1. Restricting attention to the stretch 81-90, and to residues there that are outside any strand (DSSP E or B) and in contact with a strand residue (DSSP E or B) (Cβ under 8 Å, 6 or more places away or on another chain), which single residue is surrounded by the most Cβ atoms within 10 Å (Cβ to Cβ)?
2. Is it true that some residue in the stretch 61-80 is touching a Lys or Arg at 6+ places or on another chain (Cβ under 9 Å) and in a loop (DSSP other than H, G, I, E, B)?
3. I need a count of the residues in the stretch 49-60 that are assigned to a loop (DSSP other than H, G, I, E, B) and acidic (Asp, Glu).
4. Output yes when any residue across the stretch 60-73 is among the aliphatic types (A, V, I, L, M) and either more than 22 Å from Ala18 (Cβ to Cβ) or without any contact (Cβ under 8 Å) to a residue 24 or more places away in the chain (or both), and no when none is.
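The values are calculated or read from the model by the stated rules, or taken from the named source; none is laboratory data. Here the structure is a predicted model, which is why all the values come from computation and not from measurement. Don't worry about glycine lacking a Cβ; one is built from the backbone with ideal geometry, like all the others, and counts go over all protein chains shown.
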Amino acid sequence: MSARLFVLLILFPLAAIADALSGVVRAPNGDPIAGATVTIIETGRSAVTDSRGLFTVDVSRGTYALRVSRDGFQSQSVEATTDTTIAVTLRPTMAESIVVSGIRAESKTPVTK
């Protein structure tokens with residue numbers, strides 16, 4: 001009986017301070033960004049977003065600085081608290097459109113090889 005009480009007294013405080021940071025990462029048009037890395041700067045722990053852009057990282061209760069990054073998007077740093085859900089919007093690295101055009105040369109036009 002005393003062993004159970006001892007374990008309960010040890011585990012209860014640990015459960016009371018355990019928490020998680022969770023949120024969603026989206027593009028400016030609202031689409032979820034899968035495969036984004038969310039890193040907690042203070043601890044180095046990280047998570048990768050799923051196909052719905054959702055992530056969760058287990059941490060102790062508190063406020064943390066996060067770094068959110070994904071290839072093709074500008075990285076972003078945000079501050080987050082464990083009792084809130086975080087929503088991060090990443091902007092594309094290239095905000096402008098690229099237009100590629102060409103013309104067809106006639107059969108008489110010389111071509112170099």
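1. Of everything passing the filter in the stretch 81-90, Leu90 is surrounded by the most Cβ atoms within 10 Å (Cβ to Cβ).
2. yes
3. So the count comes out to 1.
4. yes
Yes/no per residue for (1) among the small types (Gly, Ala, Ser); (2) modelled with pLDDT of 95 or more; (3) closer than 18 Å to Val24 by Cβ:
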| site | (1), (2), (3) |
| --- | --- |
| Val48 | no, yes, yes |
| Thr56 | no, no, yes |
| Asp71 | no, no, no |
| Gln74 | no, no, yes |
| Thr85 | no, no, yes |
| Ser97 | yes, no, no |
| Ser101 | yes, no, no |
| Thr109 | no, no, no |
